[in-house]
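A.B. asks: Please read through the structure below; I'll follow up with questions.
The values are calculated or read from the model by the stated rules, or taken from the named source; none is laboratory data. On a predicted model such as this, the values are computed, not experimentally measured, just so you know. Counting neighbours? That spans all protein chains shown, and the Cβs are built from the backbone with ideal geometry, glycine included.
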Amino acid sequence: MLRLDPSTQAPSWLLHGARALKRAGGLALDLLYPPSCLACRRAIAEHGGLCPECWGAMRFIERPFCERLGTPFEADLAAGESGRTISPAALADPPVFQRARAVARYEDGPARQLVHRLKYGDRGELAGPMGRWMARAGAELLDDSDVLVPIPLHWTRLARRRFNQAAALAKAIEALSAVPAETELLVRVKPTPPQVGLTRRLRAKNIQGAFEVPAARRIEAEGRKIVLVDDVMTSGATLNAAARVLLRAGAKRVDALVFARVVTES
Ligand SMILES: [Zn+2]
């Protein structure tokens, strides 16, 4: 006889049944979409990760790095050891944002594939894991911030692509960090041509006047500690331009968190 104790929520056979169903569901999902490496798509054991080769090839950025730019000090190990924390590049040409952090180098390793696949392909699958890595790399920024602001696309580009990868990453980080993402605090008012292939100086010029904080949203920027979110940082021109506009709107501090960054510009 089956006796139901009112203090227990469900009889054990039901719980076992639910668990078995869930297991079967998982198996069915694995059969439909076998787990594959997020970068090279080789088969792996579990969803949402990299194969051992890609993992080994990822050029993760770790300390010692420049506290301002987040660029690794590997070329100048003595600098890291001597306790110097700001790179010569940051001293010579200080960024508008306070600190930048990145998960990995963009130039080599699978970071480039991940960025490309997020932008043009398997979106849902990638934003979560990439956001998880970013939340880890940017932990000290997130610990002391009020709001995440993704770098916006101009509406014409958004209409064409229907997806803003920076917003997807910000949403993924929001879910992990409890720092809210605000996708309309900063808008792109100028449809800038792609920055690819432009010199550092042209990039900065190209992006001038591209961003704006709408008058109705200024109050949300005032006095806030903001973390800008983007997929890639190259010269930093885009993040600097966005930071400048937010600071002008009254933000207390602006940091930058990206998935990958170019460390050595050619
Ligand atoms: Zn792989």
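A.B. asks: Quick check on this structure: which one of 176, 158 is assigned to a helix (DSSP H, G or I), touching a Lys or Arg at 6+ places or on another chain (Cβ under 7 Å) and surrounded by fewer than 20 Cβ atoms within 10 Å (Cβ to Cβ)?
C.D. replies: The match here is 176.
A.B. asks: Can we say residue 93 is more than 16 Å from the ligand (Cβ to nearest atom) and modelled with pLDDT under 90?
C.D. replies: Details: more than 16 Å from the ligand (Cβ to nearest atom): yes; modelled with pLDDT under 90: no.
It is false that residue 93 is more than 16 Å from the ligand (Cβ to nearest atom) and modelled with pLDDT under 90.
A.B. asks: Something else about it: Taking residue 229 as the residue in question, decide whether it is modelled with pLDDT of 90 or more, part of a loop (DSSP other than H, G, I, E, B) and surrounded by 15 or more Cβ atoms within 10 Å (Cβ to Cβ).
C.D. replies: Numbers: modelled with pLDDT of 90 or more: yes; part of a loop (DSSP other than H, G, I, E, B): no; surrounded by 15 or more Cβ atoms within 10 Å (Cβ to Cβ): yes.
No; evaluated as a whole, the condition is false for this residue.
A.B. asks: I'm trying to understand the selection: among the residues of the range 31-72, which are surrounded by fewer than 18 Cβ atoms within 10 Å (Cβ to Cβ), more than 12 Å from the ligand (Cβ to nearest atom) and hydrophobic (A, V, I, L, M, F, W, C)?
C.D. replies: Across the range 31-72, the qualifying residues are 31, 32, 45, 60.
A.B. asks: Would you check if residue 245 is within 14 Å of the chain's Cα centre (by Cα), under 15 Å from residue 97 (Cα atoms) and not in a loop (DSSP other than H, G, I, E, B)? Quick ask: steps written out before the conclusion?
C.D. replies: Values: within 14 Å of the chain's Cα centre (by Cα): no; under 15 Å from residue 97 (Cα atoms): yes; not in a loop (DSSP other than H, G, I, E, B): yes.
So residue 245 does not fit the description; no.
A.B. asks: Using beta carbons and a limit of 9 Å, which pairs, at least six apart or on different chains, have the first residue in the range 36-58 and free of Cβ contacts under 8 Å to residues at least 12 places away in the same chain and the second one near the ligand (Cβ under 8 Å from one of its atoms) and among the basic types (Lys, Arg)?
C.D. replies: 36/42
A.B. asks: Restricting the search to the range 106-149, which residues are of a type outside the set (A, V, I, L, M, F, W, C), part of a helix (DSSP H, G or I) and over 30 Å from residue 223 (Cβ atoms)? Let's see the steps before the verdict.
C.D. replies: The initial filter retains those residues of the range 106-149 that are of a type outside the set (A, V, I, L, M, F, W, C), namely 106-110, 112-113, 116-117, 119-125, 128-129, 131-132, 136, 138, 140, 143-146.
Next, from what is left, pick out any that are part of a helix (DSSP H, G or I): 112-113, 116-117, 119-120, 123-125, 128-129, 131-132, 136, 140.
Scanning the range 106-149 gives 112, 113, 116, 117, 119, 120, 123, 124, 125, 128, 129.
A.B. asks: So if I check each of 204, 221, 216, 168, which one is over 26 Å from residue 66 (Cα atoms), surrounded by 14 or more Cβ atoms within 10 Å (Cβ to Cβ) and over 20 Å from the mean Cα position of the chain (by Cα)?
C.D. replies: Details: 204 fails: over 26 Å from residue 66 (Cα atoms); 216 fails: surrounded by 14 or more Cβ atoms within 10 Å (Cβ to Cβ); 168 fails: over 20 Å from the mean Cα position of the chain (by Cα).
Result: 221 is the single residue among 204, 221, 216, 168 that is over 26 Å from residue 66 (Cα atoms), surrounded by 14 or more Cβ atoms within 10 Å (Cβ to Cβ) and over 20 Å from the mean Cα position of the chain (by Cα).
A.B. asks: Checking residue 209 against (1) without any contact (Cβ under 8 Å) to a residue 24 or more places away in the chain; (2) closer than 23 Å to residue 89 by Cβ, only one condition comes out false. Which one?
C.D. replies: (2)
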